[in-house]
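Only one structure is covered here, and it is reproduced in the block below.
The values are calculated or read from the model by the stated rules, or taken from the named source; none is laboratory data. Model, not experiment: these values are computed from the prediction. All Cβ positions, glycine included, derive from the backbone under ideal geometry; neighbour counts span all protein chains shown. Surface areas here come from the heavy atoms of the whole protein model, side chains and all, with no ligands, DNA or RNA. Shrake-Rupley method; radii C 1.70, N 1.55, O 1.52, S 1.80 Å.
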Amino acid sequence: MKLVRFGPAGAEKPGLVDADGALRDASALVRDIDGAFLSRLDGLALDDIGALPIVEGQPRLGPCVTGVGKFIGIGLNYADHAAESGLPVPSEPIVFLKANSSLSGPNDAIRLPAGAAKTDWEVELGVVIGQMAHNVGPADALRHVAGYCIVNDVSERSWQLEGTGQWTKGKSADSFGPIGPWLVTADEIADPQALGMWLEVNGVRKQTGSTATMIFSVAEVVSYLSRLFTLHPGDLITTGTPPGVGMGMTPPQYLRPGDRVQLGIDGLGAQDCAVITRDTARPVTAPA
């Protein structure tokens, strides 16, 4: 199934995309696409999707899952991306958190906060947990996954790497976590390690890659994280990016107001985000 959330920000409704690509309102079946729903996904009877009302027009799509407890990032999970970043290949997963408030819809604008100067793009495979996972092995890890989605791990490199650094600080601004358009249930993805992925800025290809070249597979990442802390239904993991980020180019290239970022992953749809300035943001300064 392709699960979606549609409507104005903060008032999204749950939906399903049928076999013909039509968006259907699933409000009669489920309150929302959240951890509580995903934890009982296997037991739901959703055979009669054709009886659900079709949503007319082109409504805004919101984040494809809500109530995310943890938004977890894995850094440098592609060897060629580590090389372009001038960093060694990690011996174990690099873990950081993105603020849940960074989540946005797949076609919402990326808003550059005041003081941002080196905002970068990263197409990534998102993994949404469906069953509680604590200290699970790699062989069992995928049984705890509800589905997959596209994530753009937008990153302000100056906040991530300069001054005191801190990855979470550089990756958590509002709108720095576009996800969706769909949450595709795990049964539709035969192999999460065989998905092509791409990203373009202003129509120019920047990233072309495949989840096949991950250093740590989805199963290994879920298992590793479950040994650090319990993963709960609705938790979202973004699993790293292939090469082609702006920071790794000569000279570096970063996002500017007026740019358009488009990205996609096989079977998971595509995103299309304009880049704008967030006029109401305050500059980030050190405390007095």
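Could you list all residues from region 183-216 that are hydroxyl-bearing (Ser, Thr, Tyr) and surrounded by fewer than 19 Cβ atoms within 10 Å (Cβ to Cβ)?
Residues of region 183-216 hydroxyl-bearing (Ser, Thr, Tyr): 185, 208, 210-211, 213.
Listed by number, the residues that qualify are Thr208, Ser210, Thr213.
Condition first: assigned to a loop (DSSP other than H, G, I, E, B) and open to solvent by 30 Å² or more (accessible area, probe 1.4 Å). Now tell me which residues in region 247-262 satisfy that. Lay out the reasoning, then the answer.
In the first step, residues of region 247-262 are kept if they are assigned to a loop (DSSP other than H, G, I, E, B); the result is 249-259.
If the condition is that a residue be assigned to a loop (DSSP other than H, G, I, E, B) and open to solvent by 30 Å² or more (accessible area, probe 1.4 Å), then Met249, Thr250, Pro251, Pro252, Gln253, Tyr254, Arg256, Pro257, Gly258 are the ones that fit.
The conditions are (1) among the acidic types (Asp, Glu); (2) open to solvent by less than 20 Å² (accessible area, probe 1.4 Å); (3) farther than 22 Å from Val245 by Cα, and Glu124 fails exactly one of them. Which is it?
It is condition (3) that Glu124 fails.
If you go through region 12-30 one residue at a time, how many are in a loop (DSSP other than H, G, I, E, B) and either open to solvent by less than 60 Å² (accessible area, probe 1.4 Å) or touching a strand residue (DSSP E or B) at 6+ places or on another chain (Cβ under 9 Å) (or both)? Steps first, please.
To start, the set of residues in region 12-30 that are in a loop (DSSP other than H, G, I, E, B) comprises 12, 18-22, 26-30.
Checking which are either open to solvent by less than 60 Å² (accessible area, probe 1.4 Å) or touching a strand residue (DSSP E or B) at 6+ places or on another chain (Cβ under 9 Å) (or both) leaves us with 12, 18, 21-22, 26-27, 29-30.
Residues in region 12-30 being in a loop (DSSP other than H, G, I, E, B) and either open to solvent by less than 60 Å² (accessible area, probe 1.4 Å) or touching a strand residue (DSSP E or B) at 6+ places or on another chain (Cβ under 9 Å) (or both): 8 in total.
State the number of residues belonging to region 224-239 that are surrounded by fewer than 23 Cβ atoms within 10 Å (Cβ to Cβ) and among the hydroxyl-bearing types (Ser, Thr, Tyr). Let's see the steps before the verdict.
Quick first cut of region 224-239, residues surrounded by fewer than 23 Cβ atoms within 10 Å (Cβ to Cβ) only: 224, 226-230, 232, 234.
Keeping just the survivors that are among the hydroxyl-bearing types (Ser, Thr, Tyr) gives 224, 226, 230.
Summing the residues that are surrounded by fewer than 23 Cβ atoms within 10 Å (Cβ to Cβ) and among the hydroxyl-bearing types (Ser, Thr, Tyr) in region 224-239 gives 3.
Got a number for residues in region 113-142 being part of a strand (DSSP E or B) and more than 23 Å from Gly170 (Cβ to Cβ)?
Matching residues across region 113-142 total 3.
Would you point out the residue of region 263-282, among those that are part of a strand (DSSP E or B) and small (Gly, Ala, Ser), that is least open to solvent (accessible area, probe 1.4 Å)? Show your work before the answer.
Taking region 263-282 and keeping what is part of a strand (DSSP E or B), we get 263-265, 269-277.
Checking the rest, the ones that are also small (Gly, Ala, Ser) come to 264, 269-270, 274.
On the way: Gly264: 0, Gly269: 23, Ala270: 49, Ala274: 30 Å².
That would be Gly264.
Take region 70-86 and flag every residue that is of a type outside the set (Lys, Arg), part of a loop (DSSP other than H, G, I, E, B) and crowded, with 16+ Cβ neighbours inside 10 Å.
The first filter runs over region 70-86 and keeps only residues of a type outside the set (Lys, Arg), leaving 71-86.
Next, only the ones that are part of a loop (DSSP other than H, G, I, E, B) stay: 76-77, 85-86.
Once the filter is applied, which keeps residues that are of a type outside the set (Lys, Arg), part of a loop (DSSP other than H, G, I, E, B) and crowded, with 16+ Cβ neighbours inside 10 Å, region 70-86 yields Leu76, Asn77, Ser85.
Just give me the residues in region 31-47 being open to solvent by 60 Å² or more (accessible area, probe 1.4 Å) and of a type outside the set (D, E, K, R), in sequence order. It would help to see each step written out before you state the result.
Taking region 31-47 and keeping what is open to solvent by 60 Å² or more (accessible area, probe 1.4 Å), we get 31, 36, 40, 42-43, 45, 47.
If the condition is that a residue be open to solvent by 60 Å² or more (accessible area, probe 1.4 Å) and of a type outside the set (D, E, K, R), then Ala36, Gly43, Ala45 are the ones that fit.
Quick one: which of Gly50, Gly67 is part of a helix (DSSP H, G or I), open to solvent by 10 Å² or more (accessible area, probe 1.4 Å) and within 17 Å of Val4 (Cα to Cα)? Spell out the reasoning first.
Values: Gly67 fails: part of a helix (DSSP H, G or I).
It is Gly50.
Somewhere in region 116-124, is a residue at pLDDT 95 or above and closer than 24 Å to Leu228 by Cβ?
Looking for residues that are at pLDDT 95 or above and closer than 24 Å to Leu228 by Cβ, one finds at least one in region 116-124, hence yes.
Can you tell me which residue among Gly240, Gly234, Gly244 is within 18 Å of Ile72 (Cα to Cα), touching a strand residue (DSSP E or B) at 6+ places or on another chain (Cβ under 6 Å) and part of a loop (DSSP other than H, G, I, E, B)?
Details: Gly234 fails: touching a strand residue (DSSP E or B) at 6+ places or on another chain (Cβ under 6 Å); Gly244 fails: within 18 Å of Ile72 (Cα to Cα).
After ruling out the rest, the residue left standing is Gly240.
Would you mention how many residues in region 93-112 are part of a strand (DSSP E or B), farther than 17 Å from Pro8 by Cα and open to solvent by 30 Å² or more (accessible area, probe 1.4 Å)? Full working, then the answer.
Residues of region 93-112 part of a strand (DSSP E or B): 94-97, 103-104, 110-112.
After this cut, where a residue has to be farther than 17 Å from Pro8 by Cα as well, the list is 94-97, 111-112.
Right, trim to open to solvent by 30 Å² or more (accessible area, probe 1.4 Å) and you get 94-95, 97, 111.
The total comes to 4.
Working only within region 217-273, note down all residues that are hydroxyl-bearing (Ser, Thr, Tyr) and touching a residue at least 12 places away in the same chain (Cβ under 8 Å). Can you show your working first?
First, the residues of region 217-273 that are hydroxyl-bearing (Ser, Thr, Tyr): 217, 223-224, 226, 230, 238-239, 241, 250, 254.
If the condition is that a residue be hydroxyl-bearing (Ser, Thr, Tyr) and touching a residue at least 12 places away in the same chain (Cβ under 8 Å), then Ser217, Ser223, Tyr224, Ser226, Thr230, Thr238, Thr239, Thr241, Tyr254 are the ones that fit.
Examine region 139-150 for a residue that is open to solvent by less than 50 Å² (accessible area, probe 1.4 Å), over 26 Å from Asp32 (Cβ atoms) and touching a strand residue (DSSP E or B) at 6+ places or on another chain (Cβ under 7 Å), and state whether such a residue exists.
Taking region 139-150 and keeping what is open to solvent by less than 50 Å² (accessible area, probe 1.4 Å), we get 141, 144-150.
Going one step further and asking which of them are over 26 Å from Asp32 (Cβ atoms), we end up with none.
There is no residue in region 139-150 that is open to solvent by less than 50 Å² (accessible area, probe 1.4 Å), over 26 Å from Asp32 (Cβ atoms) and touching a strand residue (DSSP E or B) at 6+ places or on another chain (Cβ under 7 Å).
Select from region 158-178 the residues that are charged (D, E, K, R), open to solvent by 10 Å² or more (accessible area, probe 1.4 Å) and in contact (Cβ under 8 Å) with a residue 60 or more places away in the chain and list them in ascending order. Break it down stepwise before answering.
The first filter runs over region 158-178 and keeps only residues charged (D, E, K, R), leaving 162, 169, 171, 174.
With open to solvent by 10 Å² or more (accessible area, probe 1.4 Å) added as a condition, the list becomes 162, 169, 174.
Asp174, the sole residue that qualifies.
Of Gln207, Gln160, which residue is assigned to a helix (DSSP H, G or I) and of a type in the set (S, T, N, Q)?
Working: Gln207 fails: assigned to a helix (DSSP H, G or I).
Going through Gln207, Gln160 in turn, just one is assigned to a helix (DSSP H, G or I) and of a type in the set (S, T, N, Q): Gln160.
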